[in-house]
Amino acid sequence: EAEPIAFAKAENILKNSRPGYLVGPSVDAITMIPKAYPLIHDKDAFEVNIQGPHIVGDQAHETGDIATYSEQKDLILLGRKSEVIVHKDKKWLPEYVESLLENSIPDIRRVVVLVHQFQLFIFIEPFPQSHPLSDDKIKLLLKDFWDEPIHIIQVDKIPVDRRHRWKAQRSELKKKYL
């Protein structure tokens, strides 16, 4: 399908203040064909399409990734197009909201945002020995994304992929709680 398209420098990762996964500048052999995909939390977001000698076939490859650029012009992956949540004409990525909550509330170890049957569920795994979490603070942080009731579920442990410890198993949470 495609080879890696970018590489990151450690100093740029440390300088980056934008949410998402900084992957670095595109390699020279790649032609980026960004297709605008504005989100309520990032108006400059785009769908990543690429061309180059590493792509099978002559057409641009649609990666399915939504990205933006850092101040240093490094590519930052924001999430997958298939996971975009649309609520009342607002498009946003659950990964962005998860990052917002994790960075705003120090007692949160891991968080997963899911929409199920048109309802928003926030699964929170607090750090051990943490202070009680305030549902009001969480709801206040999410007011621009969702203006209907939010279900906040605190769990002892959010299941993660055995190979990728950072990747939450959303399907396991759905099976167990929804």
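The values are calculated or read from the model by the stated rules, or taken from the named source; none is laboratory data. Just so it is clear, the model here is predicted, and its values are computed rather than measured. Positions of Cβ are backbone-derived with ideal geometry, glycine not excepted, and every protein chain shown enters the neighbour counts. SASA here: full protein model, heavy atoms, side chains in, ligands and nucleic acids out. Shrake-Rupley method; radii C 1.70, N 1.55, O 1.52, S 1.80 Å.
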- Between their Cα atoms, which of 35/91; 43/157; 15/137 are more than 22 Å away from each other? 43/157; 15/137
- Item | DSSP-defined antiparallel bridges as percent of all bridges, segment 96-176, nearest 5 | 65
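Can you sort 65, 44 by 1.4 Å-probe accessible area, starting with the largest? Show your work: numbers first, answer last.
Working: 65 35, 44 110 Å².
The ranking, largest first, comes out as 44, 65.
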- Rounded to the nearest 10 Å², what accessible area does residue 152 show when all protein chains are kept and the probe is 1.4 Å? 40
- Message: Residues of segment 88-106 with backbone nitrogen within less than 18 Å of a virtual label 7 Å along the Cα-to-Cβ line of residue 151, please, listed as ranges.
- Response: 94
- Item | Mean Cα-pair separation over length for the chain, i.e. relative contact order, pairs under 8 Å, 6 or more apart, % | 14
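Per residue, how much accessible area does segment 1-94 have with a 1.4 Å probe, in Å²? Intermediate results must be reported in sequence, preceding the final value.
Working: 5460 Å² over 94 residues.
I get 58 Å² per residue for this part.
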- Just report the Cα centroid separation between segment 19-40 and segment 70-88, whole Å. 9
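Within the accessible area of segment 1-135, what % is carbon and sulfur when the probe is 1.4 Å and the other protein chains stay in place? Before the final figure, lay out the partial values.
Details: 3860 of 7580 Å².
Carbon and sulfur together cover 51 percent of it.
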- Task: At a 1.4 Å probe radius, which order do 56, 23 fall into by accessible area, largest first?
- Result: 56, 23
- Query: Which residues in segment 105-130 place their backbone N less than 15 Å from a point set 7 Å from the Cα of residue 80 along the Cα-to-Cβ direction?
  - Reply: 113-115
- Message: Testing the spin-label approximation: label points 7 Å from Cα along Cα→Cβ at residue 87 and residue 18. State their distance in nm.
- Response: 2.4
- Residue-averaged [θ]222 nm for the chain, counting only DSSP H segments that reach four residues, each worth -39500 (n - 2.57): -5000 deg cm²/dmol
- For the chain, the longest principal axis of the Cα atoms and the Cα long axis of helix 94-104 enclose an angle in degrees, to the nearest 10, of 60
